[in-house]
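Asker: Dropping the structure in here first, questions after.
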Amino acid sequence: MSNNLTSIEVIRAGTALRVGRADGSARTVRRIDLARVLGAPKTDAPRFAAAEIDGDRVRLRYADGHSELLAAAYLDEPPEDRRADLVVEDAGLLLTANGPGTGEEGLGLLQHGAVIASGGRVRWVGPSAEVGRAGFDISGAERVRAGGRLVTPGLVDCHVHPLFAGNRASEFGARAAGRSYQEIAQAGGGIQATVQPTRAASFDTHIIQTVARMNRILAAGTTTCEAKSGYDLTVAGELRLLAIALAADALSPLDLSPTLLGAHALPPEYADDRAGYVRAVAEQMVPQVARERLAETVDVYCDDNAFTLAETRQILEAAKREGLALRVHAGQFADLGAAELIAELGGLSADHLEQVSPAGISAMAERGVVAVMLPGACVQLGLPQPPVSALREAGVAMAVATDNNPGTSLCDSLPVQMWLATTHYRMSVPEAWLGVTRHAARALGRKDIGVLAPGARADLLLWNAETPAEIPYHYGANLVDRVIKNGRTVHVRPSTQAAHWAGMA
């Protein structure tokens, strides 16, 4: 067996490998990517300590002292050929999210549809009746029959704060008793209440807690999830949180997309030196994140009781100079002009937008900025709804996300957010679906997820439902039957799993 690898190193705190290839390219191989040959990783399993190329094999050494040999081919990209390793067929409706527009046609619905995949990528989409004539060798492929049910892309959660420790349930009770978010924050709650336990928790404790959250999120149908920092608020601590995200990403099938949110709140150490902290974010955090490739995106919370428009500009311009993508928390409580700013700077998204001006909406439409709707936090805080109809009329793409965070929207489920988006924001069912697939992927700067089309990631969901409307309609129930990530089944609903094994007995 020939070996195309030229170099190998251990990265992500021993949870992944960086391999160089003969053509000069390199790729990251996460521990989860080797699950077929090494078994699914556990958070307490020994991590990689060293790796070396040994002929046509790679020797992996672990932190506990043991080692093993692995064929080098497992660390290289699969060859481009016509062999398929996955066929999903017999979908009553296949929702590709790859149609034109943002209405029903945007869902790209295909009756009796099928998907052929190999190497973790979609290779073909078409009618189930044409699978045998699609020109692929499917003799060795896993065949998944949907039995007339709904099949969709894996969901994309584009606004998530999963990197934290501690519990703020008491604040939920306080808000239910009538206290406002601002009152709670001024009394020592809010973001600051999460900072101390987050700083105190060990790296391994964070890994265990983050992977547990990821597994819950995956079971609810999300296959790609953002991971914002923002609950440490020191230079070293924010970088540590992003390193935790990358390590957790290597241990779970759920893909994490790390974002630096160092400008989430003013830390207590800088209570009398706002300018000093803004400089620390712009001149220390941002360059180190870019240099160490800890994230590809920078976000800033621009609002009352957070960061001013001028401070936001200073940080985002620093990020742009480093080649990082830009996002912004905009207008949750007050419109400071962040929508116009993110459009001016060529950013990906403006999130929240309960308060946004017509000029801000126009600027977003002109520059293709995605409006990320966060109905969970909006409803929980009793805020006015964003101007959805104005965004729609202007042609602004709308994503829908959980804003999963310990203070204002502790929710793992995008289908619950779809229900809130359709009932409270009056978004249409197609808008909600595109909001958690194609448009959410745009907010992350990704074109290879959130759709089912040749070349896209083979991330699919089989639902215990027949139509798209059933998912937000039956809110609170988890209708996800099977989760396929990168062409591999990674989660099966327990009752389905039992029936599967019973059928093999």
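Asker: So the check is Cβ under 8 Å with 6+ separation or different chains; which pairs have a first residue in segment 343-369 that's on the phi < 0 side of the Ramachandran plot and a second one that's of a type in the set (S, T, N, Q)?
Answerer: Going by the 8 Å Cβ cut-off, the qualifying pairs are LEU348/THR297; GLU354/GLN332; GLU354/GLN385; GLN355/GLN332; VAL369/SER349.
Asker: On to the next question. Please work out which residue is surrounded by the most Cβ atoms within 10 Å (Cβ to Cβ), limiting yourself to segment 52-74 and to residues that are under 25 Å from THR210 (Cβ atoms) and in contact with a helix residue (DSSP H, G or I) (Cβ under 9 Å, 6 or more places away or on another chain).
Answerer: LEU60
Asker: Go through segment 108-165 and report how many residues are hydroxyl-bearing (Ser, Thr, Tyr) and more than 28 Å from ALA248 (Cβ to Cβ).
Answerer: 2
Asker: Please pick out the residue among ARG31, ARG12 that is touching a residue at least 40 places away in the same chain (Cβ under 8 Å), out of contact with any strand residue (DSSP E or B) (no Cβ under 7 Å at 6 or more places or on another chain) and not aromatic (Phe, Trp, Tyr).
Answerer: The conditions single out ARG12.
Asker: Would you call LEU70 over 30 Å from ALA134 (Cα atoms) and aliphatic (A, V, I, L, M)?
Answerer: So LEU70 fits the description; yes.
Asker: I'd like to verify a number: residues in segment 270-279 that are surrounded by fewer than 21 Cβ atoms within 10 Å (Cβ to Cβ), modelled with pLDDT of 95 or more and under 17 Å from ILE191 (Cα atoms), how many?
Answerer: The total comes to 2.
Asker: Of the numbered conditions (1) assigned to a helix (DSSP H, G or I); (2) crowded, with 17+ Cβ neighbours inside 10 Å, PRO258 fails exactly one; give the number of that condition.
Answerer: Answer for PRO258: the failing condition is (1).
Asker: Also: Which strands (runs of 3 or more DSSP E) sit wholly inside segment 31-99 and have at least 2 residues that are more than 17 Å from GLY120 (Cβ to Cβ) and within 29 Å of the chain's Cα centre (by Cα)?
Answerer: 48-54, 86-95
Asker: Any idea which of ILE361, ILE315, ILE342 is crowded, with 24+ Cβ neighbours inside 10 Å and more than 30 Å from THR198 (Cα to Cα)?
Answerer: The unique qualifying residue is ILE361.
Asker: Please enumerate the residues belonging to segment 245-254 that are under 18 Å from ARG18 (Cβ atoms) and either free of Cβ contacts under 8 Å to residues at least 12 places away in the same chain or surrounded by 24 or more Cβ atoms within 10 Å (Cβ to Cβ) (or both).
Answerer: Once the filter is applied, which keeps residues that are under 18 Å from ARG18 (Cβ atoms) and either free of Cβ contacts under 8 Å to residues at least 12 places away in the same chain or surrounded by 24 or more Cβ atoms within 10 Å (Cβ to Cβ) (or both), segment 245-254 yields ALA245, ALA247, ALA248, ASP249, ALA250, LEU251.
Asker: Can you say whether PRO494 is over 30 Å from PRO384 (Cβ atoms), surrounded by fewer than 24 Cβ atoms within 10 Å (Cβ to Cβ) and modelled with pLDDT of 95 or more, as far as the supplied structure shows?
Answerer: So PRO494 fails the test.
The values are calculated or read from the model by the stated rules, or taken from the named source; none is laboratory data. Quick caveat, the model's predicted, so the values are computed rather than measured. Quick reminder, even Gly has a Cβ in these numbers, built from the backbone with ideal geometry, and neighbours come from all protein chains shown.
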